[in-house]
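Since the structure comes first, as structure tokens, the remarks are kept for the end.
Bear in mind these aren't lab numbers, they're just calculated from the coordinates by the rules spelled out. Note that the structure is a prediction, hence the values are computed from the model and not measured. Every residue, glycine among them, receives a Cβ derived from its backbone with ideal geometry; neighbour counts consider all protein chains shown.
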Amino acid sequence: MSHPTVISDEEEDSVELYNGFGSQPISRNQMRTRKRWSFHENSKPNLVDSPLQAIPRRLSDITGVDGVHKQIDPLSELGGAQLYSTESGRLFHAGKIIIALAGLPGRGKTHLSVSLTRYLRWLGVKTHSFHLGDYRRASAEDDLTHDLFVPTPKSDKAHALREKVVNECLNDILNFFKNDKGQVAIYDAVNAKPEFRIQLHEKFSKLNIQVLFIESLVTDDSIVMKNIEEAARSSPDYKDWDYEKAYKDYSERINALAPYYQEMQSNDLEKQLSYIKFINFGERIELHNSNYGYLINKVVFYLMNGSIKSGSVFLARCYKNSLDYNFDPPLDDEGTRYAKNLTNTLIEQLKSEGKTYLEKIVPTSKPKLQRELSVDERQPALGMDGVDDNSLVIWTSVKKRTVETTQFLKEKNINVRHRIQLSQKNPGIVGSMSDEEIAEKYPDEYSQYIKDPYHYRFSRAESYHDLAIKIEPLILEMERMSGDILIIADDTILKVLYGYLLSCSCYDIPTLNFKTDEIIEIKFNAYSNTANRIKIKDFDEKVE
């Protein structure tokens, strides 16, 4: 009797590497191949041959908290910009990687771990953030003090609890790699001392898991103060706390830990470690042992565009969203009214949030920075968009009706940028047809489309996936910017942008419902983004 062959993780990766490179190349055909869009388990439902109800659907609700912390469902989820998938679920040109953060509290580590997770998941990399604070909160007891946060607590009880939560977190990371076929785990912890970092490196390196440290250092006190304020308001540690008490407690935590923290150095002790020093959240980046592979280089590239996000992204549908793809008429009278109402609603919303910077903008030939840039600081892009927290930038597609929708905002000297990447999804040969007409004229194509509307493209058309690849430069630019952004575009574009910002599964994105009479506001938060609806008011209505 023959026994099934047992394949180790390492052997599986090498088999995948061989088969991956030998598989059918990426093509521009409208039909995705089964080979390319394969899944890492045989139990994965076949999206082409399975009934429609097998595909999980997000209903029309596009508000709430993002999905960046939820467990990845290997049976139903792919990243919006994922180029291919493999039998193991891991990209075949990378490996298993743990990104271990290091740095004192208030240095933006949680924000960094969450934003990296969002970006890597969008690229189709099975990534999960493991926040040591989550494990601590699950086990914490009321009588423990800030002694719990120092590397060598005086209290035996605090020491035992530290050991417990660290072991639980690291065990979950190992389980993520072994049983969930994860590719990148992000370990969000202080990792204050060299001996802890070396132990972590040795533990995972023995398991053939690459270890990369990202140390977040801050020399600008204003950044630390801003992070403390944000933590006091939104950290899960301070839920239902009075703000002043939360601010004081978090400051005391930092002061208790600061004497124990040792910065990473390329000395004999840590010379074998690979690490990135992320200084003042992207003002300067230093690499050590930087012989990185493809995936870690993507991380480095992302860090080069990183910033501590503030402000909101406002998403608004363009006027007459249903116009034929090839039509490009200017705004009519009703469209001009829509533009005015959109402008006034946005201004009213900004004022309700305590943002009065629009009142301070004066006509000038060149926008001025509210602060001087240092010589060492990374210089902003042309036009200096998004350098200041108190700023607004508008992005539109190049269609006349989106460009002209900004006319009343332009009068207020607000920067407007027209992005060709924001052009709506090209529907191809079915552009002017209803679903019923498509089903009747192209029944086979329609049946394939309805099973996977995100990846399928009709003849001479684009898919949502094509849009996701196209807008990646804008996503990176958005990550670099601070302040508020208003994006006016076709709803096909808004769906994909929303899918990235709220960490949606690609199968949910085509079903998102953007209404013409609403603005969607997405607010950035260190732990998770949130979205809410803003009704566009009719300011021409007469009040009795």
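Sort 203-215, 434-446 for me by packing, meaning the mean count of neighbouring Cβ atoms within 10 Å per residue, highest on top.
203-215, 434-446
Within the set 340/400; 70/277; 351/412; 399/425; 425/470, which residue pairs have Cα atoms separated by over 18 Å?
70/277
Nearest 20 debye, what's the magnitude of the dipole of segment 89-303 about its Cα centre given +1 on Lys and Arg Cβ and -1 on Asp and Glu Cβ?
1020 debye
If I take R0 = 60 Å and measure r between the Cβ atoms of residue 171 and residue 533 in this structure, what FRET efficiency does the formula 1/(1 + (r/R0)^6) give, to the nearest 0.05?
With R0 = 60 Å, the Cβ-Cβ based efficiency is 0.90.
Any chance you could get the radius of gyration and Dmax over the Cα atoms of segment 89-303, in Å?
Cα-based Rg and Dmax for segment 89-303 come out at 16.9, 50 Å.
Obtain the nm distance between the two label points defined at residue 304 and residue 440 by a simple spin-label model: each point lies 7 Å from its Cα along the Cα-to-C-beta direction.
Placing both labels 7 Å beyond Cα along the Cβ direction yields 5.4 nm.
First measure r as the distance between the Cβ atoms of residue 432 and residue 333, then evaluate 1/(1 + (r/R0)^6) with R0 = 30 Å and state the FRET efficiency to the nearest 0.05. Please list the in-between numbers first.
Numbers: r = 25 Å, r/R0 = 0.83.
Once rounded, the FRET efficiency stands at 0.75.
By average Cβ neighbour count within 10 Å, what is the ranking of 256-269, 517-530 from highest down?
Ranking the peptides 256-269, 517-530 by packing returns 517-530, 256-269.
By how many nm would the segment from residue 472 to residue 146 lengthen if fully extended, with 0.36 nm per residue of separation less the alpha-carbon distance?
113.2 nm
Quick check: pseudo-label points 7 Å beyond the Cα along Cα→Cβ at residue 255 and residue 390, how many nm apart are they?
3.0 nm
Rank by packing, highest mean first: peptides 388-395, 417-424, with packing defined as the count of other Cβ atoms within 10 Å averaged across residues.
The peptides rank, most packed first, as 388-395, 417-424.
Taking 7 Å along the Cα-to-C-beta vector as the label spot, tell me the residue 266-residue 157 distance in nanometres, rounded to one decimal.
The two pseudo-label positions are separated by 4.6 nm.
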